[in-house]
Amino acid sequence: MNLNDCVECFMDFYTRHFPLMNRSVLLVRVASGLVATAKLFKTALKARHQLAFAVWMPATIPVNNQLPIMPISSFPAFCLLPSIILPLLFMGFGSTELVAQERPNIVFFFSDDLTTQAISAYQYGLDLPATPNIDRLAHEGMLFENSFCGNSICTPSRATVMTGLHSHKNGIVNLGGVLDPERSTWPKALRSGGYTTAIFGKWHMKTKPTGFDEWAVLSGQGSYYNPDFFFSNGESRRIEGHSTNIVTDLALDWLDRRDTSKPFALMVQHKAPHRNWKPSLRELELYEDIEFSEPPSLFDEYEGRVAAANHKMGIDGHMSLASDLMLLSTQEDLDVISRFTPEQRKAYLAAFEKENAAFLANPPTGKELVRWKYQRYMKNYLRCVAGVDRNVGRVLAELDKAGLSENTIVVYCADQGFYLGEHGWFDKRWAYEESLKMPLIVRWPGKVKPDTRCPAMVQNIDYAPTLLQAAGIATDWDVHGISLMPLLINAGATPKGWRDTIYYRYMDGGHGVAPHSAIRTDDFKLLYFDRPRNEAEEKSRWELFDLKNDPQEMSNLATDTAYAEKLKSMQARFQKTREFYGDTDERIWQRGVGKKYASDKYIRLSNQR
C-alpha cells in the first residue's frame, strides 16, 4: 500500500465514522498524522519501550480517563489503524481550535400539538394549506416519515425530548410531573461542553429551566395573547402581542447578542397550535372561503375498540362552541377573550361576526353540527399553524442574513401528534397513528442530503444522543435512545440492525383516554389497556392492527382467529420490549404529586397544569 492509498483508506474511514469533520481539514490532519506517526515509530523503535496513545473516539477523550498502553511489539498490527492516526491529528496541529470552530450550532424548533397531517411536506392526503417554511427545511434536509413519541401528552413528551429517557425513567409520567432540576439533559451537556444555550417559549415542566445561559418561558400552558413570561434573571412581565410572534422576537434578540465566541444551541418553543386555538391577528382571516375535506373516520363508531368508544375528546360532544370555536354569543362567552386588548378584541369579534350570526340564526344539529364545528376547528387550528410556519421563516431568514445557516443544524419537531377529526377527535394521548406520530425534520447543510425522506422508526428518546453526537459531546448518562447520525449522514438509509419495535405508554387518563401501553413494528401495532375502567374494557384489553392493510386502524384483529399466531407473537414482543426498557415497576405510574423541590426551584408555585 503506497502513501496515497493509505491516506484514502483513512479518509474513507473518517468520513464514514466521524462525519462531523470537514474533508479538507481531515486531509491536512491525515497527512500531518502520517508524518508524525513515522517520527514516533522511529523514536519508539530506538528506545524499545512502551508508548501511550490516546485513542480518540467521538465525544470520549480519553477512554475512561486513561491512555491505552500499546506494546512496541504491537506496532506493525496497529500502524494502519485509524485509532492510532486519529489521536495524532489532535496533537500539536491547532486541532482544538479547529474542532471548536467546526462544531455546529443548533436551532431547535418545538411546537405544541402541531401534527404531521398539518405539514404539507408530509403529504398525508388531506388537502390542507401549505407550510412553506417548514417545507423548506424538509426540502433542504431530511424528513422522518416514522417518528414517534413514547407518551403522547405535553409534559411527559417534553421530558423525554430533554433526557433521552422514556417516562418511567425520566420522572414525568403524567401532566402533573415535575422535571428534576438535577437531571441530566442535552442542553446541560452542551453548555458544559462549551456551547452557549437559551430557550424561549413553552417549557411546561414547572421547575425553572437549568442548563441554559438565558431563558424566558411561559408558566404552564401560558396564554396565546399578552402572555406572562418568566425570565432567567428573576423577572416576570406581561408582553403585549401574540405568543408565537413574541417567542420568536425573544429568540432573535438573543441570537443577535449571544456570545459569538461559542457555538450556540437555541430552543424556540411555541405554544401554538395547542387548544384553545387563538390565531394571531395576522392569520385571523386566512381560509375564510375554504371548506376543508373531512377525514373518512370523522363519524367513527368504534366497532371492536371498546376503550376508544369511552373517550371524552370528540368534536361532537366535547368541543366547546365558545372557548374552543369562538362562537361568542353571550356576555359570559366574552370571558374567552377577556385577556385581549380593546384592539385585539375588536378584531376578533369582527372576524367571526358574520359566520357566528349565520349559525345563531339557523343552528345546525346532528351531523351538520359536527361538520360546522369541524370546519371552524380546522380553520383556527391551521391559522395557528400558519403563524408558527411564518415565524419559522423569520428565524431561517435571520440565519441566512447572519451567515449562520451553513454551520447550523435546524431541527423542527413537536411534542406529539394530534387529531384533525380522525375518529371524530381532537387532542392526542392515544397510541393510534395520528397522535403517536410526531413531526421530525432535520436540516444540516453538507451533512444531510437535501430532500430526503427517512422511513426508519425513530422516537423522541433519540433526540438527546443525536444532538450531542453532532456536537462531539459525550452522553454521560444512560439513555434509552440511539443516535440518528447513521440515518442523517446516509440519506436516510436504514442500517442493518436498526430498531424494529417502538415502545409507548400513557397513564395520564385525561379526556377519557384509558391508560394503555403499546408497541409498533413496521407492519403491526399492539395496544394493551393496563387499567380497564369497566367490565367491557376488561374483556377487550388487547387491540391488534394490521397497519399495511388498515392504516386508519378501524379493525381490531385481536379476536380474529386468523391472526391468533400474530397476536401471540406480538404479545411476546410486547413483554420483551417492556423488559428491555426496564418498565417493570408499576408504582412509578401511580398518579400523585411526585417529588417536591425547594420553592426557589419552581417558575411559580401556583397551579401550572
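M319 sits among other residues whose Cβ lies under 13 Å from its own Cβ, and their net charge, with Lys and Arg +1 and Asp and Glu -1, is +2. Classify the range 122-204 as rounded, prolate or oblate, taking a ≥ b ≥ c as the square roots of the eigenvalues of its Cα gyration tensor: rounded when a/c is under 1.5, otherwise prolate if a/b is larger than b/c and oblate if not. Cα axes put the range 122-204 in the oblate bin.
Per-peptide packing, taken as the mean over residues of other Cβ atoms within 10 Å, places 457-465, 156-164 in the sequence 156-164, 457-465 from highest down. Taking 32 Å as the limit for the C-alpha separation, the pairs K539/K596; K169/K428; K262/K595 exceed it in the case of K539/K596; K262/K595. In sequence order, the range 187-203 has phi-based couplings of x, 4, 5, 4, 5, 5, x, x, 8, 9, 10, 7, 9, 9, x, 7, 9 Hz under the Karplus curve 6.51 cos²θ - 1.76 cosθ + 1.60, θ = phi - 60°, and Gly or Pro positions carry x.
Along the axis of the charge dipole computed for the range 152-301 (Cβ charges of +1 for Lys and Arg, -1 for Asp and Glu, origin at the Cα centre), the listed residues I172, G241, C154 are led at the positive end by I172.
Would the range 306-370 count as rounded, prolate or oblate if I go by the C-alpha gyration tensor, calling it rounded below 1.5 in a/c and otherwise prolate when a/b exceeds b/c, oblate otherwise?
oblate
Put a plus charge on the Cβ of each Lys and Arg, a minus charge on the Cβ of each Asp and Glu, and nothing anywhere else: the dipole of the range 176-219 about its Cα centre is then about 100 debye. Here the dipole of the range 435-577 is about 400 debye; that uses its Cα centre as origin and unit charges on the Cβ of Lys and Arg (positive) and Asp and Glu (negative). Annotation for the range 213-285 versus the range 101-124: alpha-carbon center distance of 17 Å.
Phi-derived couplings, Karplus 6.51 cos²θ - 1.76 cosθ + 1.60 at θ = phi - 60°, listed residue by residue for the range 488-501: 5, 8, 10, 6, x, 5, 7, x, 4, x, 5, 4, 10, 8 Hz, with x used for Gly and Pro. Measuring against 30 Å, Cα to Cα, the residue pairs K271/K568; K278/K367; K346/K379; K271/K354; K496/K566 contain K271/K568 as the ones spanning a longer distance.
Straight-line cross-link partners of K188 among the aspartates and glutamates, defined as a Cα under 15 Å from its Cα and at least 8 positions apart when in the same chain: D180, D213, E214, D476, D478. For the range 309-406, GluC sites (Glu not before Pro) meeting the loop criterion (DSSP other than H, G, I, E, B) and having at most 15 other Cβ atoms within 10 Å: E332. The calculated FRET efficiency for the pair S320 and T561, based on their C-beta separation and a Förster distance of 35 Å, comes to about 0.20. For the range 173-330, the square roots of the Cα gyration tensor eigenvalues, ordered a ≥ b ≥ c, give a/c of at least 1.5 with a/b greater than b/c, which places it in the prolate category. Restricting the GluC sites (Glu not before Pro) of the range 106-194 to loop positions (DSSP other than H, G, I, E, B) with no more than 10 neighbouring Cβ atoms within 10 Å leaves E182.
No value in this document is a laboratory result; all are computed from the given coordinates. Just so it is clear, the structure is predicted and the values come from calculations on it, not from any experiment. Positions of Cβ are generated from backbone atoms using ideal geometry, with glycine treated the same way; all protein chains shown enter the neighbour counts.
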